[in-house]
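Student: Before anything else, here's the structure in question.
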Amino acid sequence: MESGWILVVIFGLVGVLAAIGTVQTFKNKEVLGLIFNFGSLVIFGGFAIATAITQGFPAPI
């Protein structure tokens, strides 16, 4: 069993949580939190997209 789809789900969930955190810190005008949340969103969102492209989602059987 390939674990590619599990990585897509995990990276996707972290990306969604980073997006929520980015919006919250933007509303509260917290610059450092905004930088770290946006960085996490870009990195984990990119990992989720790249893993979905290379491993396929859903994974072929």
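Student: Is at least one residue of segment 20-27 of a type in the set (Phe, Trp, Tyr) and either at pLDDT 90 or above or in a helix (DSSP H, G or I) (or both)?
Tutor: yes
Student: Among the residues of segment 28-50, which ones are assigned to a helix (DSSP H, G or I) and loosely packed, with under 14 Cβ neighbours inside 10 Å?
Tutor: Within segment 28-50, 28, 31, 32, 35, 39, 42, 46, 50 meet the criteria.
The values are calculated or read from the model by the stated rules, or taken from the named source; none is laboratory data. None of the values given here were measured: they were computed from a predicted structure. Positions of Cβ are generated from backbone atoms using ideal geometry, with glycine treated the same way; all protein chains shown enter the neighbour counts.
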